[in-house]
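The values are calculated or read from the model by the stated rules, or taken from the named source; none is laboratory data. Because the structure is predicted, anything quoted here is derived from the model rather than measured. Heads up, the Cβs are rebuilt from the backbone with ideal geometry, glycines too, and the neighbour counts pull from every protein chain shown. Areas reflect the complete protein model, heavy atoms only, side chains present, ligands, DNA and RNA absent. Shrake-Rupley method; radii C 1.70, N 1.55, O 1.52, S 1.80 Å.
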Amino acid sequence: MERRWFVPWGWIYRPVSWQGVTAAILAAAFCAQVFWTVDRRSHSVSDTLYGIFPYVVPCLMILNWVASKTAGAKGSKSGHP
């Protein structure tokens, strides 16, 4: 039996199980912590963006990879139009 954590939702994935929600919350908490830490020592908006980029982008890429691998088989419908 295959359990879905995420389902495709436009260009992104939407969590549909507690595992998916947990993964999304952990990623959001990590990104928020990185933003807060980098922004505290930044002098401008560009400093903040350059500082968070190497952490936030890979985090979101990993979350997207996990979501794509746990979204179920391609072509299977979840009953939604």
Residue by residue through region 38-70, note down the ones that are within 18 Å of Ile25 (Cα to Cα) and in contact with a Gly (Cβ under 9 Å, 6 or more places away or on another chain). Val66, Ala67, Thr70
Under 9 Å between Cβ atoms, which residue pairs at least 6 apart in sequence (or on different chains) link something in region 26-46 that is surrounded by fewer than 12 Cβ atoms within 10 Å (Cβ to Cβ) with a partner that is of a type outside the set (Asp, Glu)? Arg41/Gly51
Is there any pair with a first residue in region 49-63 that is more than 16 Å from Ala23 (Cα to Cα) and among the small types (Gly, Ala, Ser) and a second that is open to solvent by less than 50 Å² (accessible area, probe 1.4 Å) and not in a helix (DSSP H, G or I) whose Cβ atoms are under 7 Å apart and which are 6 or more apart or on different chains, and what are they? Gly51/Ser42
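Please go through region 31-76 and pick out each residue that is outside any helix (DSSP H, G or I) and more than 18 Å from Pro8 (Cβ to Cβ).
Residues satisfying the conditions are Ser42, His43, Ser44.
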